[in-house]
Amino acid sequence: MYFKYEDENLLWHKINLNNICESIEKELSENYRYIGPYYLYHEDILKKRIEIINLALPKSNFYFSVKSLSNLQILKKIRKYPRFGLDVVSEGEILRGILAGFQGSEMVFAGVGKTKNEILLALEKNLKSIHVESIQELKAIASLAISIKKTAPIGLRVNPDIPVDTHEYIITGMDENKFGLSNSELKEALNIIKESSSLELKGFHMHLGSQIREVNPYIKALSNLINLADEINSIWEKPIDYLSLGGGFGIDYESIFEDKKKGFPIEELEKVDIFRNCKYQIDFEPGRFISGYSGILIAKTLYIKEKNNFKIAITNAGMNDLLRPALYKAIHPVLPLIRKENAEYTYDFVGPVCESADFLAKRVTSTKVEQNDRIAVLHCGAYGSVMGSNYNSRPMAPEFIIEDEKPVLIRKPQSIKEMLNLETDIK
Ligand code: LLP
């Protein structure tokens, strides 16, 4: 894995974290009077993950899922890779993509609740495809396209009703979920497209869920989509362009010092005949697989409380900075930046927010952590900063990325004034 201790110092892919954090904190306090937690990304790791997926799936296109990590400066880096576009789900994400330099044709648009304005924006910016999730949405797109004299490129999102082994909140491909079209809706959607002068069927899409660690559901999903495409191609004049299997490739949150190989075995996909020999273009929308390991959250312990058989380390990072532990009971390893001794103790690492769900990690073993020590919360690149909030009127954390071994600010800290302006600057 990417972490190791050298003497007492925690290294992250060759970077001495304590040294780099001292310089970051100096910049934050001198330039912004900010002393809170911050996200830190590592460009080398982002590159490595992109390399892995590129090598494993040499014929696929990838639409990086912006919702997992949406920082503009990071999207700009991702844009440099051939075969990489964006999976976007809102007006804000479309505009991020454009600001990062992506063409409309390099973005696919998903989401169950697209608004009229968002659909119009997608059509105006010539997005590659709109992934449609309901009959009413399809009809709305058809009439909006007519109103601006355009043809809307459509990808039908199929609900495959395929179970996956992951947290219930991030399963999306079961019939009971709000996503995608059921079989009967799919038939109706195809009829609507056939009769319409403003809709063009480009492909079929599905997304099984997130943090999936097994290949089988993808094989089943692909075989369903191939059958569907074969059926359509045998009767429709224009062949479909692509099949999209969405995102969902999981990572191994438990790996710290070595790769425990509990993430998605990506190299297995190309070994499966149905993948290797597929006559259709297969696209993916990876988020976490690329961004997950690339970010950590740096926090400081404010106070330590002693309990009978464990200690509570109260840190300056709360559930408003990292929601995953509270929302999904997600496990993110926590490491002190300086290892003080070899003895280990049991800790709850908690935040300052007034809720008992406000924790970073519970009953975990760690070497000694004292007041004012820095800790790193690992594998927070995906769904970390992006799920941050102003809960308890706490400002959003800034973001840095390590480029050529130096930290570069990529998101300023939000000032309290900026946060309050939305409510005070009212005429
Ligand atoms: N494509 C679609 C249509 C999606 O809905 C998603 C994620 C992705 C791609 C990317 O999935 P990934 O490769 O990152 O698994 N907040 C949750 C994850 C929610 C995922 C939502 N959809 C978490 O922290 O685990």
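So the values come out like this:
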read-out: Lys, Arg +1 and Asp, Glu -1 on Cβ, resulting dipole of the chain about Cα centre, debye, nearest 20; value: 520
read-out: Distance in nm between pseudo-label sites at Ser147 and Lys4 (7 Å out along the Cβ direction from Cα); value: 6.0
read-out: Residue-averaged 222 nm ellipticity for the chain, from DSSP H runs of 4+ at -39500 (n - 2.57), nearest 500; value: -8500 deg cm²/dmol
read-out: Interchain or long-range residues, amide H under 5 Å from Leu302's placed H; value: Ile314, Thr315, Asn316, Asn372
read-out: Burial order of peptide ranges 123-132, 18-27 (average beta-carbon count within 10 Å, highest first); value: 123-132, 18-27
read-out: Shape category assigned to the range 269-390 from the gyration tensor of Cα positions, a/c cut at 1.5; value: prolate
read-out: Placed amide H near Gly246: partners under 5 Å, 5+ positions off or other chain; value: Met206, Glu285
read-out: Pairwise FRET efficiency - Asn309 versus Leu72, Cβ, R0 = 41 Å, nearest 0.05; value: 0.35
read-out: Relative contact order for the range 98-187, counting Cα pairs under 8 Å that sit 6 or more residues apart, in percent; value: 25
read-out: Amide H partners (placed H, <5 Å) of Ser134, local residues excluded; value: none
read-out: Whole-Hz couplings from phi, Karplus 6.51/-1.76/1.60, listed for the range 172-180; x for Gly and Pro; value: 10, x, 9, 3, 6, 6, 6, 8, x
read-out: Candidates Tyr303, Tyr218, Tyr63, ranked by Gaussian network fluctuation over the chain, Cα under 10 Å, top entry; value: Tyr303
read-out: Degrees separating the helix 216-235 axis from the principal Cα axis of the chain, which is the longest one; value: 20
read-out: Rounded FRET efficiency, nearest 0.05, which uses the C-beta distance separating Ile426 from Ile52 and R0 of 51 Å; value: 0.55
read-out: The range 249-362 - accessible surface per residue (Å², probe 1.4 Å); value: 43
read-out: Cα gyration tensor shape for the range 1-93, rounded if a/c is under 1.5, else prolate or oblate; value: oblate
read-out: Sites Ile235 and Glu267 - FRET efficiency at Förster radius 51 Å, r taken between beta-carbons, to 0.05; value: 0.90
read-out: Percent antiparallel among DSSP beta bridges (both partners in the chain, rounded to 5); value: 50
read-out: Note, ³J(HN,Hα) from phi for the range 266-272, Karplus 6.51, -1.76, 1.60, rounded to Hz, x at Gly and Pro; value: 4, 5, 6, 4, 5, 7, 8
read-out: Antiparallel DSSP beta bridges within the range 92-210, as percent of all bridges there, nearest 5; value: 10
read-out: Cα gyration tensor shape for the range 353-427, rounded if a/c is under 1.5, else prolate or oblate; value: oblate
read-out: Spin-label pair Met419/Glu176, simplified geometry with 7 Å Cα→Cβ offset, distance in nm; value: 3.7
read-out: Between the range 72-97 and the range 248-267, the Cα center-to-center distance that results, in Å; value: 24
read-out: GNM top mover of Ser60, Ser244, Ser356 - the chain, alpha-carbon springs below 10 Å; value: Ser356
read-out: From phi via Karplus (6.51, -1.76, 1.60), per-residue ³J(HN,Hα) for the range 89-103 in Hz, x at Gly/Pro; value: 9, 7, 4, x, 6, 4, 5, 4, x, 5, 4, 7, x, 6, 6
read-out: Cross-link reach list, aspartates and glutamates versus Lys260, counting only Cα pairs under 20 Å and skipping chain neighbours closer than eight places; value: Glu51, Asp165, Glu214, Asp252, Glu268
read-out: With Cα atoms, 0 to 90° folded angle of helix 43-56 axis to the chain main axis; value: 40
read-out: Under 18 Å from Lys362, Cα to Cα: lysines that are on another chain or at least 8 residues apart; value: Lys300, Lys305, Lys307, Lys311, Lys329
read-out: Of all accessible heavy-atom area on the chain, the percent that carbon and sulfur account for (1.4 Å); value: 48
read-out: Helix 135-147 axis, angle to the chain major axis (alpha carbon atoms, nearest 10°); value: 70
read-out: Spacing of the two label points (7 Å from each Cα toward its C-beta) at Gln281 and Lys194, in nm; value: 2.5
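The values are calculated or read from the model by the stated rules, or taken from the named source; none is laboratory data. Because the structure is predicted, anything quoted here is derived from the model rather than measured. Heads up, the Cβs are rebuilt from the backbone with ideal geometry, glycines too, and the neighbour counts pull from every protein chain shown. Heads up: the accessible areas ignore ligands, DNA and RNA and are worked out on the full protein's heavy atoms, side chains in. Shrake-Rupley method; radii C 1.70, N 1.55, O 1.52, S 1.80 Å.
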